[in-house]
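For reference, the structure is listed below as C-alpha cells.
The values are calculated or read from the model by the stated rules, or taken from the named source; none is laboratory data. What you see is a predicted model, and the numbers here were worked out from it, not measured in a lab. Here the Cβ is made from the backbone with ideal geometry for all residues, glycine too, and neighbour counts use every protein chain on show.
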Amino acid sequence: MIFSVLGNVFSVRIIGNKTHGDLAEIALTEYINQFVSGYSAKHTGKEKFRAKEFEEDIRITETDTKEEIPISIKTYGFGPLQLSTNKDGSMFSLLQKEIGRRGTGDLAKIKEILSNKTFKDFSAVNVLPLIYNEKEMKFKVIVFDLQKAYASVKKIKFFPPRKIGRKKTFPIYKFFDNKNNYIFEVRYGDAKANALQRGM
C-alpha cells in the first residue's frame, strides 16, 4: 500500500517538482490516519503563515502515550539533499559569529556550536527524505541520523563565494569527520538566497 501511495505521488513530478512535495505530505498524513494503528497524524505543513514551532510538515501522535513526533518530509530527485531550509538563516549567522572565515578543528568550539539552540532545535525534527529516480522510475526512503552526524564532526571549513561560469556561488561552511569525509554543509541564507541556497 505505501509503495503504491508514494508511487502515485512521485508520478506527479512529471507535472511539476513543487506539487509532488505537497502531495507527499498530505498522502502520508492520510496513510498514517487510515492504515497505521496506534497513531494519528496532522498535516501542519500549511498552517497559517507557516508559524510553526519547528520545521515540520506532519505531526504524528502516538494514541496511547500522546507523545508527539514532528516529521519534515523532503522529496527530491537528484542533487543535494536539503535537510533544513533554516528560513531565518540562524545557522549560517551563528557560524559567521563563532568562527568567521577561519574554520575550526577545535572540538570544544564545534561542540559548543552544535549544542547552540539553532542546531539543537533542528535535532528535534525527524527528517524523512524521499528520493525519486526519474529515469528508473524508482524511489527510496532514507533515514538521516543527525545525532551521529553531529557526533562525527571534527572540523568545520569555510568556503568563500566563487564563480562557476557566469554564476556566483554563495559562501558555505562544510563539516568533516576525522578522516576528512564530508558530512553536511550549511549554506548562506539571507534575503537574496532562494530555499536551496540556505540551510543545511
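Listed here are the helices (runs of 4 or more DSSP H) enclosed by region 60-179 that have at least 3 residues being at pLDDT 80 or above and among the hydrophobic types (A, V, I, L, M, F, W, C): 90-99, 107-115, 146-152.
Taking residues in region 92-104 that are without any contact (Cβ under 8 Å) to a residue 24 or more places away in the chain, and partners anywhere that are exposed (fewer than 15 other Cβ atoms within 10 Å of the Cβ) and of a type outside the set (S, T, N, Q), the pairs with Cβ atoms closer than 8 Å and at least 6 places apart or on different chains are Glu98/Lys109; Glu98/Glu112. Residue-level check: of (1) over 20 Å from the mean Cα position of the chain (by Cα); (2) among the β-branched types (Val, Ile, Thr); (3) loosely packed, with under 11 Cβ neighbours inside 10 Å, Val143 misses just (1). Per the conditions (1) under 30 Å from Gly7 (Cα atoms); (2) acidic (Asp, Glu); (3) free of Cβ contacts under 8 Å to residues at least 40 places away in the same chain; (4) surrounded by 11 or more Cβ atoms within 10 Å (Cβ to Cβ), the sole criterion not satisfied by Asp177 is (1).
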